[in-house]
1. Would you pick out the residues in segment 37-69 that are in a helix (DSSP H, G or I), within 11 Å of the ligand (Cβ to nearest atom) and over 23 Å from GLU208 (Cα atoms)?
2. Residues of segment 119-171 being touching a strand residue (DSSP E or B) at 6+ places or on another chain (Cβ under 8 Å) and basic (Lys, Arg), which ones?
3. Can you tell me which residue in segment 158-175 is surrounded by the most Cβ atoms within 10 Å (Cβ to Cβ), limited to those that are under 20 Å from TYR36 (Cα atoms) and over 18 Å from the mean Cα position of the chain (by Cα)?
4. Considering each of ASP111, ASP155, ASP101 in turn, give the residue that is acidic (Asp, Glu), surrounded by fewer than 22 Cβ atoms within 10 Å (Cβ to Cβ) and in contact with a helix residue (DSSP H, G or I) (Cβ under 8 Å, 6 or more places away or on another chain).
5. Output the qualifying pairs, or none if there are none: Cβ atoms under 6 angstrom, residues six or more apart or on different chains, first residue in segment 125-139 and on the phi < 0 side of the Ramachandran plot, second residue of a type in the set (S, T, N, Q) and buried (at least 19 other Cβ atoms within 10 Å of the Cβ).
6. So is ASP101 more than 18 Å from the chain's Cα centre (by Cα) and of a type in the set (Asp, Glu) or not?
7. Have a look at THR149, THR131, THR194 and point out the one that is β-branched (Val, Ile, Thr), surrounded by 18 or more Cβ atoms within 10 Å (Cβ to Cβ) and in a helix (DSSP H, G or I).
8. MET183 passes all but one of (1) surrounded by fewer than 19 Cβ atoms within 10 Å (Cβ to Cβ); (2) under 22 Å from PRO130 (Cα atoms); which number fails?
Amino acid sequence: VVEHNRRVIDQRENDFDRFAAAYNRKNERSPWNAYYERPAVLSLVGDVDGKGVLDAGCGAGAHAAALIERGARVTGIDASTGLLAIAAERLGDAADLHVADLAGVLPFADDTFDVVLVSLVMHYLQDWAPTLREFRRILLPGGLLVISTHHPFADHVLSAAEDYFATYQFDELWDVEDQQVRMRFWHRPLSAMTRAITDAGFRLRSVEEPQPGAALRDLNPQAWSRLSTGPAFVFFTGEAVADGAQ
Ligand SMILES: C[S@@+](CC[C@H](N)C(=O)[O-])C[C@H]1O[C@@H](n2cnc3c(N)ncnc32)[C@H](O)[C@@H]1O
């Protein structure tokens, strides 16, 4: 295939800093984000009025803005300084933003948050266990964990890998405005996801495969057809169990 008018900006994968502004513009409008993922997780998070919410992997802050509008006290963390700069511009003093690696120890005390929201981030992590243990530590007992991540069936079809039950990495090229960028994700089977969540000290409350918002049907029939007939993301909610109660 000869590519014209496009360039792979960098062979380094997952470099959100290199295309932060374009990614934010895409994320704002994309059917996958605006009409499917965001409405679904915000509905799963529920009433956040007066609650302390960590938006883990907050990117450019679209979820954080919606949570603040609903009365939450929001803290956002992300590895991308480029996306965090856009979030800071959008949110001003309304959110507490930090650069942090979700694979490491998180810069918060035990029992800090009522809710941890993790939108479309876990598929960047090789090992879910340390990150989920950190979420459990910084959540109050009884606190809510809400995760959206790539649906493993969708990734398995996309990657054409042989073994669904393996944990493996695969690449995808994303079209972001006039650029192509290389993304690299971790696939793991559904059972590995639910086991990691419960092993980290959460009671699994729900596993969801929601439909896109009805408005998408007229707005973008092609995206509606894809999202309403096949899995794209999978959504989990879990309750932080008090130590010794599991
Ligand atoms: C697909 S974007 C999702 C952003 C936002 N949650 C949303 O749904 O609009 C993935 C985000 O995860 C962040 N991310 C990926 N790996 C990370 C890590 N190890 N630590 C912190 N953030 C990470 C990226 O910087 C990026 O902002």
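The values are calculated or read from the model by the stated rules, or taken from the named source; none is laboratory data. These figures come from a predicted structure and were not determined experimentally. When we count neighbours, we look across all protein chains shown, and the Cβ atoms used for this are built from the backbone with ideal geometry, even at glycine.
1. ALA65
2. ARG136
3. Step one: filter segment 158-175 for residues under 20 Å from TYR36 (Cα atoms), giving 158, 174-175.
This time we only want the ones that are over 18 Å from the mean Cα position of the chain (by Cα), so: 158, 175.
Values: LEU158: 13, ASP175: 10.
My answer is LEU158.
4. Unique residue meeting the criteria: ASP111.
5. Every condition considered, the pairs that remain are LEU125/THR131.
6. Numbers: more than 18 Å from the chain's Cα centre (by Cα): no; of a type in the set (Asp, Glu): yes.
Criteria not met by ASP101.
7. On the way: THR149 fails: in a helix (DSSP H, G or I); THR194 fails: surrounded by 18 or more Cβ atoms within 10 Å (Cβ to Cβ).
Being β-branched (Val, Ile, Thr), surrounded by 18 or more Cβ atoms within 10 Å (Cβ to Cβ) and in a helix (DSSP H, G or I) holds for just one of THR149, THR131, THR194, which is THR131.
8. (2)
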